[in-house]
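Here is the structure we will look at, set down as structure tokens.
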Number of protein chains: 2
Amino acid sequence: MGGAMNQHSPIQDPEALIDDMGRRARKAAATLAQTPTATKAAALEAAARALRAAEQAVLAANVGDVERATQNGLSAAMLDRLKLDPTRIEGVASALEAVARLDDPVGQLIDESTPPNGLKLSRVRVPLGVVGIIYESRPNVTADAGALCMMAGNAAILRGGSEAIETNRAIHECLMAGLGEAGLPEDAIQLVPTTDRAAVGAMLRASGLIDIIVPRGGKGLVARVQEEARVPVLAHLDGICHVYLHPAADPEMAEAIAVNAKMRRTGICGAMETLLIDKGFADPAPVIGALIEAGCEVRGDAAVQALDGRVAAASDEDWDTEYLEPILSVAIVEDMDAATGHIAAHGSGHTDAIVTEDADAAAQFLNRVDSAIVMHNASTQFADGGEFGLGAEIGIATGRLHARGPVALEGLTTYKWIARGDGAIRP
Amino acid sequence: MGGAMNQHSPIQDPEALIDDMGRRARKAAATLAQTPTATKAAALEAAARALRAAEQAVLAANVGDVERATQNGLSAAMLDRLKLDPTRIEGVASALEAVARLDDPVGQLIDESTPPNGLKLSRVRVPLGVVGIIYESRPNVTADAGALCMMAGNAAILRGGSEAIETNRAIHECLMAGLGEAGLPEDAIQLVPTTDRAAVGAMLRASGLIDIIVPRGGKGLVARVQEEARVPVLAHLDGICHVYLHPAADPEMAEAIAVNAKMRRTGICGAMETLLIDKGFADPAPVIGALIEAGCEVRGDAAVQALDGRVAAASDEDWDTEYLEPILSVAIVEDMDAATGHIAAHGSGHTDAIVTEDADAAAQFLNRVDSAIVMHNASTQFADGGEFGLGAEIGIATGRLHARGPVALEGLTTYKWIARGDGAIRP
């Protein structure tokens with residue numbers, strides 16, 4: 001029972017522990033790479049059933065975690081993320097079933113060709129291998145991330161927050177039960193059994209055993225992972241998203257998008273943090289007013305302050321700040337060049353939008369702004385794998401290599417070249 | 001004149017030098033990302049003309065480098081790589097023109113979709129940004145790599161071997177002349193002006209300024225780059241390529257492929273280093289004999305030694321060795337499992353081939369072997385971007401992220417998501 005060994009591992013040294021888990025994951029990954037879609041889906045469906053059946057046990061484990069976390073003075077926001085109830089557990093189970101229904105990228109043909117030498121070439125998607133997930137208090141990540149990795153044919157090594165360890169273990173038991181029912185190795189989804197933080201460092205250095213690390217959590221976690229990792233990292237550090245109101249913007253649409261981009265949910269990475277209003281935009285005051293009336297604190301440059309007495313002065317820092325709160329920096333910009341220049345200087349390469357009825361201006365903006373997601377006449381709050389039709393997401397990436405923007409199953413694969421000949425030798 | 005400053009840079013500190021070059025490259029990259037295909041092609045065609053016109057100056061610079069290198073005791077092989085003649089210069093010029101004719105990946109539509117929220121989504125290829133190339137004595141890399149990076153819309157920072165510095169400068173002048181003629185910034189292709197090795201270290205740490213590093217050269221260089229880089233690296237360390245002769249292989253084809261895969265050119269990364277012969281393969285002795293008669297030293301296990309008295313004993317190390325010479329390790333294996341197991345244990349994820357007339361066996365092998373390139377009834381010597389129809393290659397990658405196998409223009413790009421709405425706000 002690899003899983004049982006995993007949970008009650010006799011290995012104490014974090015380096016040796018991760019090395020052992022990595023080797024077992026590599027072996028499981030070789031099996032998963034050959035596993036048919038239906039078997040992977042069956043494992044996730046069985047895991048969902050196991051989770052529903054284990055509701056009481058998971059809730060009991062969660063009560064223990066929440067009590068401990070309360071004693072340790074965890075913030076109310078963190079406690080809310082940690083806490084499960086029957087509705088949340090059903091949500092986790094449904095999410096497992098949703099992942100089971102996603103298109104399997106493994107084996108998909110990317111392209112094929114026949115160069116002059118006569119070889120029949122094709123590029124076919126294959127799993128990445130072993131994915132390490134490092135996350136904080138949300139126990140649903142255990143199921144979500146484990147399921148996504150596995151459905152794309154990868155083995156997963158999950159390292160959740162210490163405050164959620166009992167809940168994570170209980171959910172992980174259900175995943176292992178699902179894997180077992182489908183005849184798949186339990187090592188396909190492993191949970192790091194120790195809360196020793198040195199295990200995180202060991203994961204970050206485990207090149208050769210872990211192919212990619214995905215951090216899920218606050219900026220502190222992501223920054224540490226990006227700083228220390230010797231393994232490639234798929235992540236975004238900041239979501240400093242901009243909306244630019246062009247002179248040819250429809251004023252009503254501009255206001256609606258600005259308010260939605262900032263205020264729908266202020267704590268998500270796709271929330272607007274800076275509004276850039278072209279000096280040619282017809283009537284900026286109502287937009288500022290609507291934001292303030294929606295409960296947003298507005299910090300602006302002198303021109304914006306002149307528009308509305310309730311606007312505070314923005315400091316230099318404000319333009320580089322991801323508030324994740326109902327606070328917004330607003331600048332009046334000279335023109336498109338100034339807007340795209342501001343985004344290049346202060347943006348984080350996440351999501352930036354233009355509002356305009358001028359198709360040429362839109363094309364210019366979409367072309368020039370070098371972010372993972374660029375939008376025209378849409379709220380930045382749509383920056384999400386689910387909204388993009390990916391069915392789920394393992395994260396949003398702002399790096400330039402491998403995958404960019406919302407990453408789901410396809411981003412958890414790579415490809416191999418297959419060359420077929422008929423005795424071809426190279427002259 | 002950015003180029004002139006670059007060549008006679010007053011900046012002595014390597015960190016400050018690379019920082020300055022990186023910033024200028026980033027700026028040039030923003031221009032290149034918006035540059036039409038025809039302009040990029042015109043720059044390369046003009047560079048080719050400039051190179052032909054500068055033949056005498058390039059040869060004179062090369063004579064100086066060769067003299068210095070000879071005095072410094074450079075090996076004959078390295079001297080051969082360094083040395084240019086009119087034919088080689090014409091080859092470099094023609095290669096520039098060939099790159100100018102390649103399909104431009106920038107702006108290509110990868111896919112599009114309309115999720116239920118009504119957004120019109122598309123993924124479009126965009127340049128990676130700034131590419132750092134670190135290479136050894138071959139001065140043609142200056143032109144080849146610079147041209148490939150630029151044609152894919154990237155700025156390049158080239159750091160060639162100190163033994164080739166004068167030749168590289170002379171070739172680089174021609175590239176800058178081409179850029180200038182096409183109205184493109186000379187900072188699009190920069191050559192590190194110092195031979196101080198600390199500049200390499202500075203490049204490897206220049207995350208944020210350099211998006212990807214491509215080392216071109218021997219294993220020592222690649223290993224150093226992979227070890228020290230804080231920037232993603234596109235490379236292969238080893239090319240330990242295998243050919244597996246299956247029981248259902250055509251014996252004549254098996255012999256022809258084995259001899260070609262090893263002996264056509266022994267020094268390239270796609271050369272076979274280990275031959276695995278299934279114990280069910282009809283007649284292994286003639287294959288061994290043909291290899292030996294072609295001038296190959298064969299090192300084998302006991303079963304192979306029993307086949308031919310000229311076979312030396314293979315040591316444990318032999319199975320993990322990339323000879324790059326007319327030496328081959330040969331093992332008799334029990335079956336397909338043993339063959340793919342051997343490749344998993346000793347391969348380098350580069351190129352591995354099966355020879356068989358059995359389609360099911362071929363499919364199994366191609367599916368199971370987790371290498372960048374897997375082949376059926378073809379010589380591993382085809383592992384090359386040119387042979388794969390890519391027109392050129394910046395390198396062959398054995399990592400799992402971003403790009404795998406031969407990498408040319410497409411591998412030097414990433415993508416952005418474009419979302420178009422009609423005032424879409426997220427509920």
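Before moving on, here are some points about what is shown:
- Residues B:F365, A:F382, sorted so that the one with the fewest Cβ neighbours within 10 Å comes first: B:F365, A:F382
- Prolate/oblate/rounded label for region B:241-387 (Cα gyration tensor, a/c 1.5): rounded
- For the options B:C296, B:C269, B:C149, a Gaussian network treatment of chain B with springs between C-alpha atoms closer than 10 Å singles out B:C296 as fluctuating the most.
- Environment charge at A:E334 (Cβ cut-off 13 Å; Lys +1, Arg +1, Asp -1, Glu -1): -3
- Chain A: calculated mean residue ellipticity at 222 nm from DSSP helix runs of at least 4, using -39500 (n - 2.57): -13000 deg cm²/dmol
- Region A:120-160 and region B:215-248 have Cα centres spaced 25 Å apart.
- For the peptide A:384-397, the mean number of other protein chain Cβ atoms found within 10 angstrom of a residue's Cβ is 2.
- Per-residue Cβ neighbour rank within 10 angstrom, fewest leading, B:R197, A:R88: B:R197, A:R88
- Helix B:284-293 axis versus longest C-alpha principal axis of chain B: approximately 60°, rounded to the nearest ten.
- Mean projected area of the convex hull spanned by the Cα atoms of the protein assembly as shown, taken over all viewing directions: 36.9 nm².
- Sequence-separation-based contact order of region B:1-145, relative, with Cα cut under 8 Å and 6+ spacing, percent: 26 percent
- Backbone HN-Hα couplings from phi across region B:351-367 [Karplus 6.51/-1.76/1.60, Hz, Gly and Pro as x]: 9, 9, 10, 10, 10, 6, 9, 8, 4, 5, 4, 4, 4, 4, 4, 4, 6
- Arranged from fewest to most other beta-carbon atoms within 10 Å of their beta carbon, B:M375, A:M176 become A:M176, B:M375.
- Calculated FRET efficiency for the pair B:T114/B:R197, C-beta based, R₀ 45 Å, to 0.05: 0.25
- Average other protein chain Cβ within 10 Å of Cβ, residues B:369-378: 6
- Rounded Å value of the spacing that divides the Cα centres of region B:17-60 and region A:259-299: 43 Å
- Between A:A223 and A:R205, residue separation times 0.36 nm minus the direct Cα-Cα distance comes to 4.9 nm.
- Folded to 0 to 90 degrees: helix A:336-346 orientation relative to chain A principal axis, Cα: 50 degrees
- Beta bridges by DSSP in the protein assembly as shown, antiparallel share as percent, to the nearest 5: 25 percent
- Net charge of Cβ neighbours under 15 Å - reference B:A313; Lys, Arg +1; Asp, Glu -1: -4
- Pair-distance profile P(r), taking every C-alpha pair of region A:268-337, with 5 angstrom steps and integer %: 3, 18, 30, 26, 17, 5, 0
- Fraction of antiparallel bridges per DSSP, chain A only, in percent to nearest 5: 30 percent
- Each part gets one Cα centre, and for region B:89-104 versus region B:351-374 those centres are 34 Å apart.
- In degrees, nearest ten, helix B:219-228 long axis to first principal axis of chain B (Cα): 60 degrees
- Cα gyration tensor shape of chain B, rounded if a/c is under 1.5, else prolate or oblate by comparing a/b with b/c: oblate
- Descending Cα extents along the principal axes, region A:328-427, whole Å: 67, 35, 25
Taken together, the values in this text are just the output of simple stated rules run on the coordinates, not laboratory data. Treat the numbers as computed from the prediction; the structure is a model and nothing was measured. All Cβ positions, glycine included, derive from the backbone under ideal geometry; neighbour counts span all protein chains shown.
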